[in-house]
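The values are calculated or read from the model by the stated rules, or taken from the named source; none is laboratory data. Nothing here was measured: the structure is a model prediction, and the numbers come from that model. Note: ideal-geometry Cβ built from the backbone for every residue, glycine included; neighbour counts use all protein chains shown.
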Amino acid sequence: MNEKKLRISAQIKDIATACDFVVAEAESAGLDERDAHHCQLAVDEICTNIIEHGYGLADDERFIDIICQKYDNRFVVQILDDSFPFDPLGRTDPDPTSELEDRRIGGWGVYFIKKMMDELTYDYSQGRNRLTMVKRLKSKTGLSENTRKPLEPTPILVSSYPNNNWSIAPSGRLDIASSRRLEAVVVKELGDGHRNLILDMSKVDYIASGGLKILVSLWKRTRDQRGDLILAGLTPSVREVFMLIGFDLVFTVFKSLNEALANHKFNSK
Amino acid sequence: MLDFNVSQSDPVTLIEASGRIDSSNANLLGDALSGVIDEGHTQLVLDLSAVGYMSSAGLREIVSALKKLRRASGDLRIAQPSPRVVEVIEMSGLDSEIQVFASQAEAINSY
């Protein structure tokens, strides 16, 4: 997408125009409604700050430039103003856990920006403040590494079933970090002599390319030890990734853990 | 455009806001809330079902009104905020300080 630019006069009443502009550009770049709202709110908050604190209110001689651009999987919004040099990111964040009476009145706008946008950079050059804000586009296949903020580590549950079958159930995102934890669990099970492994994927809503690689290495490792690692209960987004890269041909996959337990005959008892 | 409709549903005062709340007009929300509080009403329900967008400027007015009311042993409770408004409330952590209800009736009956 080519660079699109809007200039507004530095007046509170003109911020809504900037908001409309950013929403339209964000949506045409492919952001969903929620992410477009994040961009709108970020632009609103930063323009409000610039006008209220940088320029002083109602200065129609001055202006703010808003530049939108899509660059690979990133929607980039630059906000430029020529008030005095001020880094909005440098301020201490308010505390969202503070009690009502102790709540800070101001400073929430920039805090929201930090929470909502994926990358933020401030610089001052050629007499202008520039805040560059990036919102990453979500990948439709779930292959992208960086679409969401990391979640707290979730437990990986191991359960034993008849015939020395074992299920291992990770949950949440399977990225490099969580796959390494999964790897440790599988290695431990193999060390304990458990070779009939069913990876219950029903609680995994996202798998990153790093996670896929580790999955293959675990499968090989299990096979090398005369065991097998099969998969069960792929969620739609994970299944889509699997089909896309042909993993469905490599792994034995069952619709659910119960189906795998009922139907799969492992070689070793 | 931002409008308010104030009505009494004893003992609760209901303020229904409609429109977009941002830095250009958040003072109107502040005025509407203070107007009601200054008349002596302390049990307020703010219905945000017709507010599709609210920035931190709106939140600021809600927090000041809430502080004022709590000191007077009153309260401000929010009814049926849209998902985008809920997100803003949650981001600020205010959801642990203010009661939010899925319907207007629930908010009113909570008093």
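Pull up the range A:17-38, narrow it to residues that are within 14 Å of chain B (Cβ to nearest Cβ) and free of Cβ contacts under 8 Å to residues at least 24 places away in the same chain, then point me to the one that is nearest to the chain's Cα centre (by Cα).
Looking at residues that are within 14 Å of chain B (Cβ to nearest Cβ) and free of Cβ contacts under 8 Å to residues at least 24 places away in the same chain, I get A:R34.
crowded, with 18+ Cβ neighbours inside 10 Å, within 30 Å of A:A169 (Cα to Cα), touching an Asp or Glu at 6+ places or on another chain (Cβ under 8 Å) and modelled with pLDDT of 85 or more - does that describe any residue in the range A:63-83?
no
Without any contact (Cβ under 8 Å) to a residue 40 or more places away in the chain and more than 9 Å from every other protein chain (Cβ to nearest Cβ): which single residue out of B:L76, B:L59, B:L94, B:L48 fits that description? Before you say what the answer is, go through the steps one by one.
Values: B:L76 fails: without any contact (Cβ under 8 Å) to a residue 40 or more places away in the chain; B:L59 fails: more than 9 Å from every other protein chain (Cβ to nearest Cβ); B:L94 fails: more than 9 Å from every other protein chain (Cβ to nearest Cβ).
B:L48 is the lone residue from the list that is without any contact (Cβ under 8 Å) to a residue 40 or more places away in the chain and more than 9 Å from every other protein chain (Cβ to nearest Cβ).
Test of understanding: among B:D47, B:D38, which residue is crowded, with 21+ Cβ neighbours inside 10 Å and acidic (D, E)? Reasoning before the result, please.
Numbers: B:D38 fails: crowded, with 21+ Cβ neighbours inside 10 Å.
One residue alone meets the criteria, B:D47.
One line per residue, one yes/no per condition, for (1) on the phi > 0 side of the Ramachandran plot; (2) modelled with pLDDT under 85; (3) touching a Phe, Trp or Tyr at 6+ places or on another chain (Cβ under 7 Å):
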residue	(1), (2), (3)
A:L143	no, yes, no
A:P153	no, yes, no
A:S179	no, no, no
A:G193	yes, no, no
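What helices (runs of 4 or more DSSP H) lie completely within the range A:195-269 and have 3 or more residues being aliphatic (A, V, I, L, M)?
Details: elements: A:209-224, A:236-244, A:247-250, A:257-263.
It comes to A:209-224, A:236-244, A:257-263.
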